[in-house]
Amino acid sequence: MLSALLKKCRWTQKHLLGIRDLSREEILSVVDLAAGLKKEKDAGAPLKGRRLLNFFAESSTRTKTSFGIAARALGLEVLDLSPAASSLTKGESLKDTALTIESMGVDFAVVRHSASGAPHFVAGKIQGSVLNAGDGTNEHPTQALLDSLTIRESLGKINGLRIALVGDILHSRVARSNLWAHAKLGNEVTVVGPPTLIPRHIDALGARVSTDLDAVLPEMDVVMMLRMQLERQQAGLFPSIMEYHRFWGLTRERMARLRPGAIIMHPGPMNRGVEIAAEAADSARSVILDQVANGVLIRMAVLLLLDRCS
Ligand code: CP
C-alpha cells in the first residue's frame, strides 16, 4: 500500500528548507501522501535503522512532538538535542554543532532556529536531509503543508479559495510559507493587520493587503489568525494589546460576519484574548486541533519522500 502511494509522488528535494523551493506537484504529493497515510493503520516501520535528530534552538510544543511521533511511527530512532542543555551554552558555534551532528551519523536533522537561514547553513554541512522546523521570520514549511491538508479536508478542495492571513505578518514564518504555498496552489490570499505589522512589498508574493478585518471577513473561505509574536516585537508597532484585539482580533461579534462554511485556523500557540477570542478558537468553525493532528501525517509524508524519492 505504501509503495503504491509513493509511486504516485513527485519529489526532487534532498532537504525541506522552504515552500519557496517546492513545485505545485511536490506540495500536492506531500498532501496526497499524508491523506493516504491517514487511511493506513500501521505504516510498518519503513525507515527502521535510520536516525533523526530534533535540534530545536527555539521552544516548540507541536512541531517537535509531532516530528518525534511521525519519526517513531516510521521506525526511526529519534534523538533530541536541546540547545539549553548542549555545548551551545558553552559558546560552540552552529558550524561546529553541525559538524558534530554529522560525525555522529544522522540521516535527518530537524532544525528550528531564531536565525533565518540556519537550516540552510546546516544543510551545507551534513550529508543527511535537513528539515526546516521554522527559521526566524523566514519559513515554516511543514506548517504550510499541514495547513493545506487541513483546508482540503475541511473544504473539499485546495485551489480557487479566498484565504485571509490576519495579524503579525511581519514576524510570521507561517505567513510566508503559506503565501508561497497558496500562490502555487492557486488560492487568493489577503493579508490583514496593522500597517506596521505588514511588510513592505508583500504584494510581490501575490497577496492583497488590507487593514480592515471587518470588510475582509465576509469574503473569505479560510481565516487564519496568526500569533502576535510579542517576543520578536520592537516597541511601538501597535498601541496596546487591548486596541489590537479590538481592531484585528477574531472576536465573537466578528465571527457573525463569516460566510457559511468558512473555517477558522491558527498555527498555535494561541494568545487567547489577543488575536483570537476563546469563543472563536473553540467554535464549531475552528479546525485548529485538526491542524495539530494533521501535523503528524504531514511530517511522516515528508520523511518518506525525502528518504524514498530524493
Ligand atoms: N505551530 C508551531 O510551530 O507550534 P510550535 O511552536 O508549538 O511548534
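Listed here are the helices (runs of 4 or more DSSP H) enclosed by the stretch 1-117 that have at least 2 residues being modelled with pLDDT of 95 or more: 24-39, 62-73. Of Arg208, Arg227, Arg200, all but one fail to be among the basic types (Lys, Arg), within 30 Å of Glu25 (Cβ to Cβ) and either in the same structural domain as Ser114 (by TED's automatic domain parsing) or open to solvent by 20 Å² or more (accessible area, probe 1.4 Å) (or both); the exception is Arg208.
Open to solvent by less than 50 Å² (accessible area, probe 1.4 Å), part of a loop (DSSP other than H, G, I, E, B) and assigned by TED's automatic domain parsing to the domain that holds Thr65: is that true of Ile158 in this structure?
On the way: open to solvent by less than 50 Å² (accessible area, probe 1.4 Å): yes; part of a loop (DSSP other than H, G, I, E, B): yes; assigned by TED's automatic domain parsing to the domain that holds Thr65: no.
No, not satisfied.
The set of residues in the stretch 60-79 being open to solvent by 70 Å² or more (accessible area, probe 1.4 Å), among the basic types (Lys, Arg) and within 16 Å of the ligand (Cβ to nearest atom) consists of Arg62 alone. Pairing residues of the stretch 59-75 that are among the polar types (S, T, N, Q) with residues that are part of a helix (DSSP H, G or I) and within 13 Å of the ligand (Cβ to nearest atom), at Cβ distances under 6 Å and at least 6 apart in sequence or on separate chains, gives Ser66/Gly295; Ser66/Val296; Ser66/Arg299. Filtered by the rule that a residue be under 27 Å from Lys64 (Cβ atoms) and either open to solvent by 60 Å² or more (accessible area, probe 1.4 Å) or within 13 Å of the ligand (Cβ to nearest atom) (or both), the stretch 247-270 gives Met265, His266, Pro267, Gly268, Pro269, Met270.
The set of residues in the stretch 1-58 being among the polar types (S, T, N, Q), closer than 21 Å to Arg176 by Cα and open to solvent by 30 Å² or more (accessible area, probe 1.4 Å) consists of Gln13, Ser23. Looking across the stretch 15-69, the residues that are closer than 30 Å to Ser93 by Cβ and among the acidic types (Asp, Glu) come down to Asp21, Glu58.
Could you count how many residues in the stretch 155-190 are β-branched (Val, Ile, Thr) and over 18 Å from Arg20 (Cα atoms)? Reasoning before the result, please.
Start the filter on the stretch 155-190 by keeping residues that are β-branched (Val, Ile, Thr), which leaves 158, 163, 166, 169, 174, 189-190.
Checking which are over 18 Å from Arg20 (Cα atoms) leaves us with 163, 166, 190.
Looking only at that region, the number is 3.
Just one of the listed residues (Ser82, Ser93, Ser29) is over 25 Å from Gly186 (Cα atoms), assigned by TED's automatic domain parsing to the domain that holds Ala301, more than 16 Å from the ligand (Cβ to nearest atom) and of a type in the set (Ser, Thr, Tyr), and it is Ser93. The set of residues in the stretch 188-208 being assigned to a loop (DSSP other than H, G, I, E, B) and not charged (D, E, K, R) consists of Gly193, Pro194, Ile198, Pro199, His201, Gly206, Ala207.
Filtering the stretch 218-232 to residues that are modelled with pLDDT of 95 or more and of a type outside the set (A, V, I, L, M, F, W, C) leaves Pro218, Glu219, Asp221.
Out of all the residues in the stretch 273-283, is one or more within 16 Å of the ligand (Cβ to nearest atom) and free of Cβ contacts under 8 Å to residues at least 24 places away in the same chain? Scanning the stretch 273-283, I find at least one residue that is within 16 Å of the ligand (Cβ to nearest atom) and free of Cβ contacts under 8 Å to residues at least 24 places away in the same chain, so the answer is yes. Scan the stretch 162-180 and give yes if some residue there is out of contact with any strand residue (DSSP E or B) (no Cβ under 8 Å at 6 or more places or on another chain), open to solvent by 10 Å² or more (accessible area, probe 1.4 Å) and more than 16 Å from the ligand (Cβ to nearest atom), otherwise no. Checked the stretch 162-180: at least one residue is out of contact with any strand residue (DSSP E or B) (no Cβ under 8 Å at 6 or more places or on another chain), open to solvent by 10 Å² or more (accessible area, probe 1.4 Å) and more than 16 Å from the ligand (Cβ to nearest atom).
The values are calculated or read from the model by the stated rules, or taken from the named source; none is laboratory data. Note that the structure is predicted; figures quoted are calculated from it, not measured. When we count neighbours, we look across all protein chains shown, and the Cβ atoms used for this are built from the backbone with ideal geometry, even at glycine. When the accessible area is computed, the model is the full protein with side chains, heavy atoms only, and any ligands, DNA or RNA have been set aside. Shrake-Rupley method; radii C 1.70, N 1.55, O 1.52, S 1.80 Å.
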